[in-house]
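J.: I'd like to ask some things about the structure below.
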Amino acid sequence: MDREQQDRQVVAACQDPRTEELRGATAQLRRRLAAHRTEFPDRAVAEDELAAIGAMAREGAPDQGRLRRSLLLVAASLGSVSAFAAELARLRAAVELFGTEDGG
């Protein structure tokens, strides 16, 4: 992909409200996680997957399967920490804006 195509893809991503919501939800959860001082076993997994989701959102047109996989890993990593419930719900809703792999 040449530079011009990449630029068009980034502009399109910025214009897609789904991508903007995904970016916002990811950033919100990353900030909340950074502010949470308590360590837990899968924190690094959650941080890595949130970084991956953020990268997909910046690139535009994220792969639905990869998004769902990352969401599942984040939820499994943080799901037992009730302090993240609202942020996880927002992230899930943002991922669901992209539909499912089978078009639903």
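The values are calculated or read from the model by the stated rules, or taken from the named source; none is laboratory data. Because the structure is a prediction, the values reported are computed rather than measured. All Cβ positions, even for glycine, are placed from backbone atoms using ideal geometry, and neighbour counts span all protein chains on display.
J.: With respect to SER70, determine if the residue is at pLDDT below 95 and out of contact with any Ser or Thr (no Cβ under 9 Å at 6 or more places or on another chain).
T.: no
J.: Here's another thing I want to ask about it. Pairs under 8 Å by beta carbon, first residue within 16 Å of ALA34 (Cα to Cα) in region 57-86, partner among the small types (Gly, Ala, Ser) and in a helix (DSSP H, G or I), six or more apart or different chains?
T.: Note: pairs meeting the criteria are VAL74/ALA46; SER77/ALA46; LEU78/ALA46.
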